[in-house]
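Below is one structure; the comments refer to it alone.
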Amino acid sequence: MTPELQEAGARLLAEHQKKIEQEVTSGGREAAFGRLLKHGTPDFAHGVALYLDDITVSFDGFKALNALSLAINVGELRCIIGPNGAGKTTMMDVITGKTRPDAGTASFGSNIDLLRLRENDIAQIGIGRKFQKPTVYEQLSVFENLELALAADRRARASLFSRLSGTQLDRIGEILTLIHLLPEAQRTAGLLSHGQKQWLEIGMLLMQDPKLLLLDEPVAGMTDEETERTAELFLSLEGQHSLVVVEHDMKFVDQLTQGRKTVTVLHEGSVLAEGLLSEVQANDKVVEVYLGR
């Protein structure tokens, strides 16, 4: 869940519960969200959504990232693999503004310097992050979680002072269908399975129409069926959004890459190997440090 959405939830949850008691469809929302227009719109004309160049991050002398360079194309689905401590989480922390690097540059599109922005600003310009553990508002319904996420979108916020418009209802319905939760729309989120909560949080991010999605071990703890559905969901998003998926489940990576997408292997804070899954699986260095025989 993005910092902006977390802040929104803290501010809006009390009013949202009051709304439920009064059986009002929507209203009474107040929050100071976002500065999308202040920082402009990312320019993707060159086809690159994210570019990291020589990013270095040190913690007490330990280099969590060591001159890391990486480019993600517009609409690309990229899987990032590697052993624990390879720098995958730190990389996402840098992209989302949680961690400031010691050196290097990070660009969103060709015109936005991510290192000059705060976490909330980065969320507002179109970068959404999903952590491994799902964070949804468990006392609210599935529908209300998505409605709350819509309220965190500056473009929709003003109209939420009144009843939801037909367009907004349609959008929520589209997301419910996409994340396989349309039959669960009125169910309390806390009663969902682990996998369903993961889908709901992804849906909450999608309500804000991010251009880049960062997904940290999204299928951890899921059943085989839920994992397969999650792969279908991510593949349906490819092209409309750029996705960076950090994952250890190699079967899931295989489902996502389908033998034709680039996989990046991180080790000791740098790119160890990059190529098709079959190529990195055959790389002796990758086998030695990560996959084993």
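Can we say residue 265 is under 22 Å from residue 90 (Cβ atoms), of a type outside the set (D, E, K, R), buried (at least 19 other Cβ atoms within 10 Å of the Cβ) and out of contact with any strand residue (DSSP E or B) (no Cβ under 6 Å at 6 or more places or on another chain)? So residue 265 fails the test. When you look at residue 247, is it within 26 Å of residue 122 (Cβ to Cβ), at pLDDT below 95 and surrounded by fewer than 22 Cβ atoms within 10 Å (Cβ to Cβ), yes or no? In short, yes. Can you tell me which residues in the range 57-92 are over 19 Å from residue 274 (Cα atoms) and surrounded by fewer than 20 Cβ atoms within 10 Å (Cβ to Cβ)? Of everything in the range 57-92, those that are over 19 Å from residue 274 (Cα atoms) and surrounded by fewer than 20 Cβ atoms within 10 Å (Cβ to Cβ) turn out to be 58, 59, 60, 61, 62, 63.
Taking the numbered list (1) under 19 Å from the mean Cα position of the chain (by Cα); (2) more than 28 Å from residue 85 (Cα to Cα); (3) modelled with pLDDT of 95 or more; (4) hydrophobic (A, V, I, L, M, F, W, C) in turn, residue 182 passes all entries but (1). With respect to residue 72, determine if the residue is in the same structural domain as residue 289 (by TED's automatic domain parsing), farther than 28 Å from residue 41 by Cβ and modelled with pLDDT of 95 or more. Considered against the rule, which asks whether it is in the same structural domain as residue 289 (by TED's automatic domain parsing), farther than 28 Å from residue 41 by Cβ and modelled with pLDDT of 95 or more, residue 72 comes out as no. Considering 224, 209, the condition of being out of contact with any Pro (no Cβ under 9 Å at 6 or more places or on another chain), surrounded by fewer than 17 Cβ atoms within 10 Å (Cβ to Cβ) and without any contact (Cβ under 8 Å) to a residue 24 or more places away in the chain is satisfied by 224 alone. Considering the range 124-148, and only residues there that are in contact with a strand residue (DSSP E or B) (Cβ under 8 Å, 6 or more places away or on another chain) and within 18 Å of residue 212 (Cα to Cα), the residue that is surrounded by the most Cβ atoms within 10 Å (Cβ to Cβ) turns out to be 127.
Against the definition (at pLDDT below 90, crowded, with 23+ Cβ neighbours inside 10 Å and of a type in the set (A, V, I, L, M)), how does residue 152 come out, yes or no? Yes; evaluated as a whole, the condition is true for this residue.
Looking only at residues in the range 244-287 that are in contact with an Asp or Glu (Cβ under 8 Å, 6 or more places away or on another chain) and among the hydroxyl-bearing types (Ser, Thr, Tyr), the one that is farthest from residue 53 (Cα to Cα) is 262.
The values are calculated or read from the model by the stated rules, or taken from the named source; none is laboratory data. No experiment lies behind these values; they were computed from the predicted model shown. FYI the Cβ positions are ideal-geometry reconstructions off the backbone, even for glycines, and counts take in every protein chain you see.
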